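Asker: The structure follows.
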Amino acid sequence: ALAQSARAWEAARRIGHRVAEVMADEVAGFALVGAGHDAEAVEPIMRSLPLARAIGSRRFAAIDLVMLGHVARRARDPDGARRHLDESAELLQPIGPKFAGPMLLSARARVAASRDECARLMAEGEALLADGALSHNHFWYRSDAIDAALEAGDAAEARRHADALERYASVEPT
């Protein structure tokens, strides 16, 4: 996926297709953050984000910011994570919650100031999943939910989210 993304980015740069350029870098950042390769993810995300802003793509910029929120959280910078996630929320507001609401809420829950806030954000995200959010939300939300439950010492809740993810993914593998 990363090699294909790099080839797509090079081709997009060569022909001046800025949307494809943004998407190629975002895909690389998405995959790298998902795999826990945060240091490697920063470069493509930081190329994608200013270009996404320049072309007026709220969706691309918002996803880039969620990815940077994950990177900041794992670097033990919850304030930085919150800044990225707050900006993402502002960009997503006019788009609506089905595009990236659950993955944003679960990322915000991971840096919540209290367990109550974490639980509220997770519940809100899960309700959006049930209402038909886009597929990427299911994977990011459940991953965050599993990790949050394990960090809280709640193995049953982690298992519930793992089972929900398995049910979701088994219907139509993506």
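Asker: What translational D, rounded to a whole number of µm²/s, comes out for the chain from Stokes-Einstein when the hydrodynamic radius is the Kirkwood one over Cα pairs, at 10 °C and 1.306 mPa s?
Answerer: Once the numbers are plugged in, D ends up at 97 µm²/s.
Asker: Shifting gears a bit: Using Cα atoms only, what is the angle between the long axis of helix 97-110 and the major principal axis of the chain, expressed in degrees (0 to 90) to the nearest 10?
Answerer: Its long axis makes an angle of about 60 degrees.
Asker: On a C-alpha basis, how far is the centre of region 5-50 from the centre of region 108-174 in Å? Whole number, if you could?
Answerer: 26 Å
Asker: Work from the charge dipole of region 93-152 (Cβ charges, +1 for Lys and Arg, -1 for Asp and Glu, about the Cα centre) and give the residue of Ala123, Ala148, Pro102 farthest towards its positive end.
Answerer: Of the options given, the answer is Pro102.
Asker: Given the -39500 (n - 2.57) contribution per DSSP H run of 4+ residues, what per-residue ellipticity at 222 nm results for the chain, rounded to the nearest 500 deg cm²/dmol?
Answerer: Taking each H run of at least 4 residues, the total per residue is -27500 deg cm²/dmol.
Asker: Still on this structure: Over region 69-161, what is the mean sequence separation of C-alpha contacts under 8 Å (at least six apart), divided by residue count, expressed as relative contact order in percent?
Answerer: 24 percent
Asker: If you don't mind, there's one more thing I want to ask. Helix 18-34 versus the longest principal axis of the chain: what is the Cα-based angle in degrees, 0 to 90, to the nearest 10?
Answerer: Once rounded, one gets 40 degrees.
Asker: Would you mind computing, in nm to one decimal, how far apart the modelled labels at Val19 and Glu166 are, each placed 7 Å from Cα along Cα→Cβ?
Answerer: The modelled label-to-label distance comes out at 4.0 nm.
Asker: For helix 135-151, report the angle its Cα long axis makes with the longest principal axis of the Cα atoms of the chain; keep it between 0 and 90° and round to the nearest 10°.
Answerer: Once rounded, the angle reads 50 degrees.
Asker: Using a ≥ b ≥ c from the Cα gyration tensor of region 62-165 (square roots of the eigenvalues), is it rounded, prolate or oblate, where a/c under 1.5 gives rounded and otherwise the larger of a/b and b/c decides, a/b for prolate?
Answerer: Working: a/c = 1.78, a/b = 1.13, b/c = 1.58.
It comes out oblate by the Cα gyration axes.
Asker: To continue, here is another question. Dipole magnitude of region 9-140 about its Cα centre, charges +1 at Lys/Arg Cβ and -1 at Asp/Glu Cβ only, in debye to the nearest 20?
Answerer: Its charge dipole is roughly 120 debye.
The numbers here are math on the coordinates, done by the rules we state, and not lab data. Since the model is a prediction, treat every value here as computed from it, not as a measurement. Reconstructed Cβ throughout: ideal geometry from the backbone, glycine too, with neighbour counts over all protein chains shown.
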